[in-house]
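The values are calculated or read from the model by the stated rules, or taken from the named source; none is laboratory data. Model, not experiment: these values are computed from the prediction. In this analysis, Cβ positions are derived from the backbone assuming ideal geometry, glycine residues included, and neighbour counts consider all displayed protein chains. Keep in mind that these areas ignore ligands, DNA and RNA; they rest on the heavy atoms of the full protein, side chains included. Shrake-Rupley method; radii C 1.70, N 1.55, O 1.52, S 1.80 Å.
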Amino acid sequence: MRRTASARLCLGHLSANLARVREAAPDSRVMAVIKAEAYGHGMLRVAESLAPRVDALAVSCLDEAAALREAGHHQPILALQGFKDERDLRAASQLDVAVTVHEDSQLRLLTATRLHRPVRVWLKLDTGMGRLGFAPSRAAELVAALTSDPNVTAVPGLMTHLACADAPERPENAAQLARFEAATRHLPGERSLANSAAILALPDAHADWVRPGIMLYGGSPLADQSAAGLGLRPVMTLSTRLIAIHALAPGEAVGYGATWRSERPTRVGVAAIGYADGYPRHAPNGTPVLVRGQRVPLIGRVSMDMITLDLTDLETVQVGDVVTLWGEGLPVDEVATAARTISYDLLCRVHDRVQVVTG
(Lines give C-alpha, C1' and ligand atoms only; values in the text may rest on other atoms or scores of the structure.)
Protein backbone atom coordinates (compact mmCIF):
# COMPACT_ATOMS: atom_id res chain seq x y z
CA MET A 1 0.00 0.00 0.00
CA ARG A 2 1.36 3.43 -0.95
CA ARG A 3 1.75 6.23 1.55
CA THR A 4 -1.23 8.57 1.74
CA ALA A 5 0.82 11.73 2.09
CA SER A 6 1.28 13.72 -1.11
CA ALA A 7 2.90 16.94 -2.22
CA ARG A 8 0.94 18.68 -4.97
CA LEU A 9 3.14 21.07 -6.93
CA CYS A 10 1.48 23.89 -8.81
CA LEU A 11 4.05 24.81 -11.44
CA GLY A 12 1.84 27.68 -12.56
CA HIS A 13 2.55 29.30 -9.21
CA LEU A 14 6.26 28.83 -9.86
CA SER A 15 5.88 30.91 -13.02
CA ALA A 16 3.79 33.51 -11.18
CA ASN A 17 6.44 33.86 -8.48
CA LEU A 18 9.12 34.28 -11.13
CA ALA A 19 7.02 37.05 -12.66
CA ARG A 20 7.03 38.70 -9.23
CA VAL A 21 10.85 38.54 -9.22
CA ARG A 22 11.00 40.27 -12.59
CA GLU A 23 8.45 42.86 -11.48
CA ALA A 24 10.53 43.70 -8.40
CA ALA A 25 13.89 43.74 -10.21
CA PRO A 26 13.07 44.59 -13.83
CA ASP A 27 16.59 45.66 -14.80
CA SER A 28 18.41 42.60 -13.44
CA ARG A 29 18.98 39.18 -14.91
CA VAL A 30 17.63 36.26 -12.92
CA MET A 31 19.69 33.36 -11.58
CA ALA A 32 17.14 30.93 -10.13
CA VAL A 33 18.42 29.07 -7.08
CA ILE A 34 17.41 25.41 -7.35
CA LYS A 35 19.89 23.82 -4.93
CA ALA A 36 18.82 21.24 -2.33
CA GLU A 37 16.34 19.62 -4.73
CA ALA A 38 14.90 23.04 -5.45
CA TYR A 39 14.10 23.55 -1.78
CA GLY A 40 12.41 20.17 -1.65
CA HIS A 41 10.38 20.58 -4.85
CA GLY A 42 12.60 18.44 -7.10
CA MET A 43 15.54 20.03 -8.89
CA LEU A 44 15.02 18.49 -12.33
CA ARG A 45 11.28 19.06 -12.20
CA VAL A 46 11.71 22.72 -11.30
CA ALA A 47 14.53 23.20 -13.81
CA GLU A 48 12.33 21.91 -16.59
CA SER A 49 9.74 24.54 -15.71
CA LEU A 50 12.05 27.46 -14.93
CA ALA A 51 15.06 27.06 -17.22
CA PRO A 52 13.43 28.48 -20.36
CA ARG A 53 12.28 31.53 -18.39
CA VAL A 54 15.41 32.52 -16.45
CA ASP A 55 18.89 33.69 -17.41
CA ALA A 56 20.82 31.14 -15.33
CA LEU A 57 20.43 28.44 -12.70
CA ALA A 58 22.29 28.26 -9.38
CA VAL A 59 23.04 25.04 -7.52
CA SER A 60 25.17 24.19 -4.51
CA CYS A 61 27.76 21.83 -5.95
CA LEU A 62 29.15 20.23 -9.10
CA ASP A 63 27.14 17.02 -8.59
CA GLU A 64 23.91 19.00 -8.86
CA ALA A 65 25.25 20.82 -11.93
CA ALA A 66 26.18 17.50 -13.54
CA ALA A 67 22.65 16.17 -13.01
CA LEU A 68 21.25 19.22 -14.80
CA ARG A 69 23.62 18.79 -17.73
CA GLU A 70 22.83 15.07 -17.96
CA ALA A 71 19.13 15.98 -18.10
CA GLY A 72 19.82 18.15 -21.13
CA HIS A 73 19.85 21.62 -19.58
CA HIS A 74 22.25 23.86 -21.49
CA GLN A 75 21.55 27.15 -19.72
CA PRO A 76 24.30 28.89 -17.73
CA ILE A 77 24.76 27.23 -14.33
CA LEU A 78 26.63 28.51 -11.28
CA ALA A 79 27.92 26.16 -8.56
CA LEU A 80 27.63 28.39 -5.50
CA GLN A 81 30.17 26.49 -3.38
CA GLY A 82 32.60 26.38 -6.28
CA PHE A 83 35.15 23.56 -6.47
CA LYS A 84 36.96 21.84 -3.63
CA ASP A 85 39.58 19.84 -5.52
CA GLU A 86 41.07 19.20 -8.94
CA ARG A 87 38.34 16.71 -9.82
CA ASP A 88 35.66 19.34 -9.21
CA LEU A 89 37.56 21.94 -11.21
CA ARG A 90 37.95 19.63 -14.19
CA ALA A 91 34.26 18.75 -13.97
CA ALA A 92 33.32 22.43 -14.03
CA SER A 93 35.44 22.90 -17.13
CA GLN A 94 34.03 19.85 -18.88
CA LEU A 95 30.43 20.70 -17.99
CA ASP A 96 30.81 24.41 -18.79
CA VAL A 97 29.62 25.36 -15.30
CA ALA A 98 30.55 28.63 -13.64
CA VAL A 99 32.10 28.39 -10.18
CA THR A 100 32.32 30.62 -7.14
CA VAL A 101 35.85 31.29 -5.91
CA HIS A 102 35.86 32.15 -2.22
CA GLU A 103 39.06 30.67 -0.76
CA ASP A 104 42.82 30.81 -1.40
CA SER A 105 43.13 27.06 -1.98
CA GLN A 106 40.86 27.48 -4.99
CA LEU A 107 43.17 30.14 -6.40
CA ARG A 108 46.11 27.76 -6.06
CA LEU A 109 44.20 25.00 -7.83
CA LEU A 110 43.32 27.31 -10.70
CA THR A 111 46.99 28.16 -11.14
CA ALA A 112 48.25 24.57 -10.86
CA THR A 113 45.66 22.73 -13.00
CA ARG A 114 45.79 22.46 -16.79
CA LEU A 115 42.28 22.73 -18.19
CA HIS A 116 41.19 22.08 -21.77
CA ARG A 117 38.62 24.86 -21.45
CA PRO A 118 38.68 27.86 -19.10
CA VAL A 119 35.92 28.29 -16.52
CA ARG A 120 33.64 31.20 -15.74
CA VAL A 121 34.33 32.52 -12.24
CA TRP A 122 32.34 34.54 -9.72
CA LEU A 123 34.57 36.07 -7.04
CA LYS A 124 32.85 36.05 -3.66
CA LEU A 125 33.54 38.80 -1.16
CA ASP A 126 32.63 38.49 2.51
CA THR A 127 31.10 41.87 3.31
CA GLY A 128 29.59 40.79 6.64
CA MET A 129 28.08 37.30 6.38
CA GLY A 130 31.18 35.78 7.98
CA ARG A 131 30.81 32.55 6.08
CA LEU A 132 32.43 32.27 2.62
CA GLY A 133 34.40 34.87 0.75
CA PHE A 134 37.51 37.01 0.61
CA ALA A 135 38.07 40.23 2.51
CA PRO A 136 36.78 43.14 0.39
CA SER A 137 40.20 44.79 0.66
CA ARG A 138 41.56 42.05 -1.60
CA ALA A 139 39.04 42.57 -4.40
CA ALA A 140 41.28 44.50 -6.82
CA GLU A 141 44.21 42.11 -6.32
CA LEU A 142 42.04 39.05 -6.89
CA VAL A 143 40.26 40.42 -9.94
CA ALA A 144 43.63 41.15 -11.52
CA ALA A 145 44.92 37.65 -10.72
CA LEU A 146 41.82 35.90 -12.03
CA THR A 147 41.62 38.01 -15.16
CA SER A 148 45.20 37.08 -16.09
CA ASP A 149 44.73 33.37 -15.34
CA PRO A 150 44.38 31.35 -18.58
CA ASN A 151 42.04 28.96 -16.77
CA VAL A 152 39.51 31.77 -16.26
CA THR A 153 37.31 32.96 -19.08
CA ALA A 154 36.69 36.71 -19.30
CA VAL A 155 36.48 39.02 -16.29
CA PRO A 156 35.22 37.40 -13.07
CA GLY A 157 31.83 38.35 -11.72
CA LEU A 158 31.67 39.92 -8.27
CA MET A 159 29.24 38.70 -5.63
CA THR A 160 28.41 38.79 -1.95
CA HIS A 161 25.65 37.49 0.32
CA LEU A 162 23.54 39.60 2.67
CA ALA A 163 23.21 38.35 6.23
CA CYS A 164 20.18 40.36 7.38
CA ALA A 165 18.16 41.05 4.23
CA ASP A 166 15.09 39.39 5.78
CA ALA A 167 14.96 42.40 8.12
CA PRO A 168 15.67 45.27 5.68
CA GLU A 169 15.72 47.93 8.39
CA ARG A 170 18.79 46.37 10.00
CA PRO A 171 21.91 48.59 9.67
CA GLU A 172 23.99 45.60 8.62
CA ASN A 173 22.36 45.71 5.18
CA ALA A 174 23.50 49.25 4.40
CA ALA A 175 26.93 48.44 5.81
CA GLN A 176 27.35 45.42 3.58
CA LEU A 177 26.22 47.31 0.48
CA ALA A 178 28.65 50.11 1.30
CA ARG A 179 31.56 47.69 1.78
CA PHE A 180 30.82 45.98 -1.51
CA GLU A 181 30.52 49.28 -3.36
CA ALA A 182 33.74 50.63 -1.90
CA ALA A 183 35.65 47.46 -2.77
CA THR A 184 34.35 47.07 -6.33
CA ARG A 185 33.65 50.65 -7.46
CA HIS A 186 36.51 50.80 -9.96
CA LEU A 187 36.56 47.12 -10.95
CA PRO A 188 35.16 45.50 -14.08
CA GLY A 189 32.74 42.56 -13.97
CA GLU A 190 29.07 41.88 -13.38
CA ARG A 191 27.65 42.15 -9.87
CA SER A 192 25.28 39.96 -7.84
CA LEU A 193 24.15 40.68 -4.28
CA ALA A 194 20.40 40.18 -3.92
CA ASN A 195 18.68 37.09 -2.52
CA SER A 196 14.88 36.86 -2.32
CA ALA A 197 14.57 39.27 0.59
CA ALA A 198 16.80 41.87 -1.05
CA ILE A 199 14.94 41.53 -4.33
CA LEU A 200 11.74 42.60 -2.58
CA ALA A 201 13.02 45.06 0.01
CA LEU A 202 16.49 46.35 -0.94
CA PRO A 203 16.40 47.71 -4.49
CA ASP A 204 19.91 49.15 -4.12
CA ALA A 205 21.16 45.56 -4.02
CA HIS A 206 19.66 44.46 -7.35
CA ALA A 207 22.75 45.08 -9.54
CA ASP A 208 23.27 43.00 -12.70
CA TRP A 209 22.01 39.66 -11.37
CA VAL A 210 19.52 38.68 -8.67
CA ARG A 211 19.44 35.24 -7.06
CA PRO A 212 15.86 34.35 -6.00
CA GLY A 213 15.38 31.25 -3.90
CA ILE A 214 12.56 30.87 -1.37
CA MET A 215 10.30 33.41 -3.09
CA LEU A 216 10.20 31.23 -6.22
CA TYR A 217 8.57 28.51 -4.14
CA GLY A 218 6.05 30.80 -2.49
CA GLY A 219 7.64 31.31 0.92
CA SER A 220 8.09 34.74 2.41
CA PRO A 221 11.73 35.87 2.66
CA LEU A 222 10.84 38.77 4.96
CA ALA A 223 10.50 38.30 8.68
CA ASP A 224 7.43 40.47 9.16
CA GLN A 225 5.48 40.04 5.92
CA SER A 226 3.36 37.18 4.64
CA ALA A 227 3.95 35.52 1.30
CA ALA A 228 0.45 36.45 0.15
CA GLY A 229 1.05 40.08 1.12
CA LEU A 230 4.18 40.03 -1.04
CA GLY A 231 2.28 38.65 -4.02
CA LEU A 232 3.72 35.13 -3.75
CA ARG A 233 1.80 31.89 -4.14
CA PRO A 234 2.65 28.48 -2.63
CA VAL A 235 4.05 25.98 -5.11
CA MET A 236 3.81 23.00 -2.72
CA THR A 237 0.69 21.87 -0.91
CA LEU A 238 1.49 19.01 1.44
CA SER A 239 -1.53 16.91 2.34
CA THR A 240 -2.71 13.53 3.57
CA ARG A 241 -5.95 12.00 4.83
CA LEU A 242 -7.57 11.05 8.11
CA ILE A 243 -7.18 7.35 8.78
CA ALA A 244 -8.98 7.15 12.13
CA ILE A 245 -11.25 9.10 14.48
CA HIS A 246 -11.87 8.24 18.12
CA ALA A 247 -13.13 9.80 21.33
CA LEU A 248 -11.24 10.76 24.48
CA ALA A 249 -12.70 11.45 27.89
CA PRO A 250 -11.48 14.43 29.93
CA GLY A 251 -8.02 13.79 31.36
CA GLU A 252 -6.97 11.19 28.79
CA ALA A 253 -3.70 11.62 26.93
CA VAL A 254 -2.60 11.38 23.30
CA GLY A 255 0.69 10.17 21.89
CA TYR A 256 4.21 9.42 23.08
CA GLY A 257 5.13 11.00 26.37
CA ALA A 258 1.51 11.96 27.09
CA THR A 259 2.37 15.58 26.22
CA TRP A 260 -1.30 16.53 25.69
CA ARG A 261 -4.33 15.69 27.83
CA SER A 262 -7.93 16.48 27.04
CA GLU A 263 -9.76 19.01 29.17
CA ARG A 264 -13.16 18.12 27.68
CA PRO A 265 -14.73 15.27 25.73
CA THR A 266 -12.57 15.29 22.60
CA ARG A 267 -12.71 13.79 19.14
CA VAL A 268 -9.23 12.91 17.98
CA GLY A 269 -8.31 12.49 14.33
CA VAL A 270 -5.30 10.53 13.21
CA ALA A 271 -3.66 11.68 9.95
CA ALA A 272 -1.22 9.60 7.94
CA ILE A 273 1.89 11.75 7.99
CA GLY A 274 4.83 12.10 10.36
CA TYR A 275 8.46 13.01 10.73
CA ALA A 276 9.52 10.22 8.34
CA ASP A 277 7.61 12.14 5.67
CA GLY A 278 9.24 15.44 6.60
CA TYR A 279 6.65 16.89 8.96
CA PRO A 280 8.57 18.45 11.88
CA ARG A 281 8.71 16.24 14.95
CA HIS A 282 9.18 19.32 17.12
CA ALA A 283 5.89 20.91 16.01
CA PRO A 284 4.13 21.79 19.29
CA ASN A 285 0.56 21.37 20.43
CA GLY A 286 -1.59 23.95 18.68
CA THR A 287 0.31 23.99 15.38
CA PRO A 288 -2.38 24.74 12.75
CA VAL A 289 -3.56 22.05 10.33
CA LEU A 290 -6.45 22.14 7.86
CA VAL A 291 -9.11 19.42 7.75
CA ARG A 292 -11.61 19.86 4.92
CA GLY A 293 -10.34 23.43 4.70
CA GLN A 294 -10.99 24.24 8.36
CA ARG A 295 -8.30 24.93 10.94
CA VAL A 296 -7.74 22.50 13.78
CA PRO A 297 -4.83 22.20 16.23
CA LEU A 298 -2.18 19.53 16.30
CA ILE A 299 -2.25 17.66 19.62
CA GLY A 300 0.26 15.24 21.04
CA ARG A 301 3.74 14.43 19.84
CA VAL A 302 4.38 13.92 16.14
CA SER A 303 5.10 10.25 15.40
CA MET A 304 7.10 8.68 12.59
CA ASP A 305 4.05 8.06 10.39
CA MET A 306 1.14 9.82 12.12
CA ILE A 307 -0.06 13.00 13.76
CA THR A 308 -3.11 13.55 15.95
CA LEU A 309 -5.56 16.43 15.68
CA ASP A 310 -8.35 17.89 17.81
CA LEU A 311 -11.48 17.59 15.65
CA THR A 312 -13.95 18.43 18.42
CA ASP A 313 -15.06 21.75 16.96
CA LEU A 314 -15.68 20.44 13.45
CA GLU A 315 -19.33 19.69 12.82
CA THR A 316 -18.79 17.10 10.11
CA VAL A 317 -15.64 15.11 9.55
CA GLN A 318 -14.96 11.52 8.63
CA VAL A 319 -12.20 9.06 7.90
CA GLY A 320 -10.78 9.77 4.46
CA ASP A 321 -11.13 13.55 4.66
CA VAL A 322 -8.24 15.61 3.30
CA VAL A 323 -5.74 17.04 5.78
CA THR A 324 -3.51 19.91 4.60
CA LEU A 325 -0.24 20.46 6.44
CA TRP A 326 0.79 23.57 4.47
CA GLY A 327 0.23 25.18 1.10
CA GLU A 328 -3.06 26.41 -0.31
CA GLY A 329 -5.05 27.88 2.59
CA LEU A 330 -2.28 27.45 5.17
CA PRO A 331 1.03 29.27 4.57
CA VAL A 332 4.16 27.21 5.16
CA ASP A 333 5.62 30.23 6.95
CA GLU A 334 2.85 30.08 9.57
CA VAL A 335 3.54 26.41 10.26
CA ALA A 336 7.27 27.14 10.41
CA THR A 337 6.71 29.90 12.95
CA ALA A 338 4.64 27.57 15.13
CA ALA A 339 7.41 24.97 14.92
CA ARG A 340 10.10 27.60 15.64
CA THR A 341 11.88 27.10 12.36
CA ILE A 342 11.77 28.57 8.85
CA SER A 343 9.91 27.61 5.71
CA TYR A 344 13.16 26.60 3.98
CA ASP A 345 13.64 23.90 6.62
CA LEU A 346 10.14 22.48 6.26
CA LEU A 347 10.17 22.41 2.47
CA CYS A 348 13.61 20.81 2.25
CA ARG A 349 12.62 18.09 4.72
CA VAL A 350 9.80 16.61 2.60
CA HIS A 351 10.87 13.02 2.09
CA ASP A 352 10.95 11.16 -1.21
CA ARG A 353 8.42 8.63 0.07
CA VAL A 354 5.80 11.41 -0.21
CA GLN A 355 3.95 11.09 -3.50
CA VAL A 356 4.51 14.08 -5.80
CA VAL A 357 1.69 15.27 -8.05
CA THR A 358 2.24 18.13 -10.50
CA GLY A 359 -0.35 20.41 -11.94
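Order 242-251, 127-136 from most to least packed using the mean count of other Cβ atoms within 10 Å.
127-136, 242-251
Using 0.36 nm per residue, how much length does the chain from residue 243 to residue 131 gain when fully extended, once their Cα-Cα distance is taken away?
Computed gain between residue 243 and residue 131 is 35.8 nm.
Keeping the other protein chains in place, figure out the carbon and sulfur percent of the accessible area of segment 310-359, with a 1.4 Å probe.
Whole-percent figure for carbon plus sulfur exposure: 49.
Taking only protein heavy atoms and a 1.4 Å probe, what accessible area per residue, in Å², does segment 77-121 have with all protein chains in place?
Averaged over the residues of segment 77-121, the accessible area is 52 Å².
If you stretched the chain out fully between residue 61 and residue 29, how much longer would it get, using 0.36 nm times the residue separation minus the C-alpha to C-alpha distance?
That works out to 9.4 nm of additional length.
Give me the distance between the Cα centres of segment 324-354 and segment 169-224, rounded to whole Å.
25
Taking only protein heavy atoms into account and a 1.4 Å probe, give the accessible area per residue of segment 1-60 in Å².
42
Would you check the accessible area of residue 84, probe 1.4 Å, heavy atoms only, in square angstrom rounded to 10?
Looks like 150 Å² after rounding.
How much solvent-accessible surface does residue 352 expose, in Å² to the nearest 10, with a 1.4 Å probe and all protein chains in place?
Rounded to the nearest 10, that gives 130 Å².
Roughly how many percent of the accessible protein surface of segment 1-129 is carbon and sulfur, given a 1.4 Å probe and a whole-percent answer?
Here carbon and sulfur together make up 48 percent of the probe-accessible area.
Treating the beta-carbon of each Lys and Arg as +1 and of each Asp and Glu as -1, no other charges, what is the dipole magnitude of the chain about its Cα centre, to the nearest 20 debye?
In total the dipole reaches around 500 debye.
What's the extension gain from residue 86 to residue 141 if we count 0.36 nm per residue and subtract their Cα-Cα distance?
The residue 86-residue 141 span can extend by a further 17.5 nm.
List every DSSP H helix in the chain whose Cα atoms extend 27 Å or more along the helix's own long axis and whose mean Kyte-Doolittle hydropathy is at least 0.0.
Span-like helices in the chain: none at all.
Which parts of segment 298-330 would a label at residue 16 reach, counting a residue when its backbone N lies under 12 Å from a point 7 Å out along Cα-to-Cβ?
328-329, by backbone N distance to the label point.
If each of residue 112 and residue 292 carries a label point 7 Å out from its Cα toward its Cβ, how far apart are those two points in nm?
Roughly 6.8 nm, to one decimal.
What label, among (i) 44, 21, 17; (ii) 32, 24, 20; (iii) 52, 22, 18, belongs to semi-axes √(5λ) of the Cα gyration tensor in Å computed from the structure on display?
(i)
Taking the chain as a Gaussian network, Cα atoms linked when under 10 Å apart, which of 316, 240, 266 shows the biggest mean-square fluctuation?
Fluctuation is largest for 316.
Could you look at segment 177-250 and say what percent of its accessible area is carbon and sulfur, using a 1.4 Å probe and all protein chains?
Within segment 177-250, the accessible surface is 51 percent carbon and sulfur.
What number, rounded to the nearest 500 deg cm²/dmol, is the helix-based mean residue ellipticity at 222 nm of the chain, given -39500 (n - 2.57) per DSSP H run of at least four residues and division by all its residues?
Roughly -8000 deg cm²/dmol at 222 nm, from the helical runs in the chain.
Kindly sort 138, 87, 117 by accessible area of their heavy atoms, largest first, with the probe set to 1.4 Å.
87, 117, 138
Express the relative contact order of the chain as a whole percentage, based on alpha carbon pairs under 8 Å and six or more residues apart in sequence.
Relative contact order of the chain: 18 percent.
Per residue, what accessible area does segment 128-182 have, given a 1.4 Å probe and all protein chains present, in Å²?
With the other protein chains kept in place, segment 128-182 gives 47 Å² per residue.
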